[in-house]
Amino acid sequence: MGKIFAIGGGSFQKEEYHWMEEMALASCGKENISVLFFPCASYDDQGYGKRMKKHLRKMGCSVEVLRLFHTKKTIQEIHTMMKEADVIYLGAGNMKVLKDKLIEIQADEILKELFFKENKILIGNSAGTNVFFAYAYSDWKEDGSFCIEEGFHLVKGIFNPHAQDEKRKGILEAAKPYDLSVYNCKDNGMLVIDDTGKISAYLEGKEISLESLYFLEK
């Protein structure tokens, strides 16, 4: 069964956030898990990629970091890498930068195939999660203003990461024109979505009800 682990935010360098990745990796049900990490949303920040690679290796994974702005690999080679990995991990940063680059290499359709047909595990953090949803509340613009940005429609609804931020309360007004549910996800919080559309919510390592924090019916 394909699963998306939608992280609302937080630093992988802090131990209290590791439970989210641990849960995602455990869902693979195997050892020697291979992870393909994309730091594209942070403009391929090399330090970010290196730190994430070291972090995931400590968790027992084999890790490949694919820097889309710098790679010389063909689109077909990238698609093959995605299909061969056990886990695809999209890092945090700028949603629009990530989205546009993934569309450029036709990875938006590959992600759908991996999730719905290949039973792959997909992980996203903040902007990395945003692209999995139909829409997201994003501050990708240079002036830092918020907007509803369209994603890849793997999950129905509008995702709002870092929901503890007061500036993000504008999501309720912004979402009014859309006939969709809004999922507010704080740092150290996560949604888990399977390929049937079932959604579970977690905060600080404990399962909670969607209604208590994450789910607002529109």
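The values are calculated or read from the model by the stated rules, or taken from the named source; none is laboratory data. Since the structure is predicted, the reported quantities are computational estimates derived from the model, not experimental observations. Heads up, the Cβs are rebuilt from the backbone with ideal geometry, glycines too, and the neighbour counts pull from every protein chain shown. Ligands, DNA and RNA are stripped out before the accessible areas are found, and what is left, the full protein with its side chains, is counted by its heavy atoms. Shrake-Rupley method; radii C 1.70, N 1.55, O 1.52, S 1.80 Å.
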Heavy-atom accessible area of GLU64, protein chains in place, probe 1.4 angstrom, given in Å² to nearest 10, is 90
The percentage of Cα-Cα pairs in the chain separated by more than 27 Å is 24
Charge dipole of the chain built from unit charges on the beta carbon (Lys, Arg +1; Asp, Glu -1), centred at mean Cα; most positive-end Cα among GLY47, GLY29, GLY197 is GLY47
Pseudo-spin-label distance PHE69 to ASN32, built 7 Å along Cα→Cβ, given in nm, is 3.5
quick shape note, region 147-218: Cα extents on principal axes in Å, largest first -> 32, 30, 19
Spelling it out for TYR183: with amide H atoms placed in the peptide plane at 1.01 Å from N, the residues 5 or more places away or on another chain with amide H under 5 Å from its amide H are ILE158, PHE159, ASN160
In whole angstrom, the spacing between the Cα centers of region 1-43 and region 51-73 equals 12
Ranked by GNM mean-square fluctuation in the chain (Cα springs under 10 Å), the top entry among LEU122, LEU114, LEU98 is LEU114
quick note, region 79-171, DSSP beta bridge pairs, % antiparallel (nearest 5) is 35
Quick calc, region 35-90, dipole around Cα centre from Cβ unit charges on Lys, Arg (+) and Asp, Glu (-), nearest 20 debye, gives 260
Most fluctuating of TYR43, TYR183, TYR89 in the GNM of the chain (C-alpha, under 10 Å) is TYR43
Phi-derived 3J(HN,Hα) across region 163-177 with the Karplus relation (6.51, -1.76, 1.60, θ = phi - 60°), rounded Hz, x for Gly and Pro, is 5, 6, 6, 4, 5, 8, 5, x, 4, 5, 6, 5, 7, 4, x
Straight-line reach check, LYS72, cutoff 20 Å on alpha carbons, 8 or more apart in-chain or any other chain, hits among aspartates and glutamates -> ASP44, ASP45, GLU64, GLU84, ASP100, GLU104, ASP108
Computed over region 38-139, the convex hull of the Cα set has an average projected area, in nm², of 6.2
Listed residues HIS55, HIS18, HIS70; largest mean-square fluctuation, Gaussian network over the chain with Cα springs below 10 Å, found at HIS70
A 1.4 Å probe over the protein heavy atoms gives region 1-149 a carbon and sulfur accessible-area percentage of 44
Ordering 161-167, 28-34 by per-residue average of other C-beta atoms within 10 angstrom, highest first, gives 161-167, 28-34
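Just by accessible area at a 1.4 angstrom probe, what is the order of ARG67, ARG168, ARG51 from largest to smallest?
Values: ARG67 65, ARG168 15, ARG51 110 Å².
From most accessible down to least: ARG51, ARG67, ARG168.
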Computed about the Cα centre, the charge dipole of region 61-218 from +1 Lys/Arg and -1 Asp/Glu charges at the Cβ has a magnitude in debye, to the nearest 20, of 100
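Ignoring ligands, DNA and RNA, what accessible area per residue does the chain give at 1.4 Å, in Å²?
Details: 10300 Å² over 218 residues.
Per-residue value: 47 Å².
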Given the candidates LEU98, THR71, ILE158, the one whose Cα lies deepest towards the positive end of the charge dipole of region 1-159, counting +1 at each Lys or Arg C-beta and -1 at each Asp or Glu C-beta, is THR71
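Below 8 Å between Cα atoms, with a sequence gap of 6+, how large is the relative contact order for the chain in percent? It would help to have the intermediate numbers written out before the result.
On the way: 455 pairs, mean separation 54.8, N = 218.
Relative contact order comes out at 25 percent.
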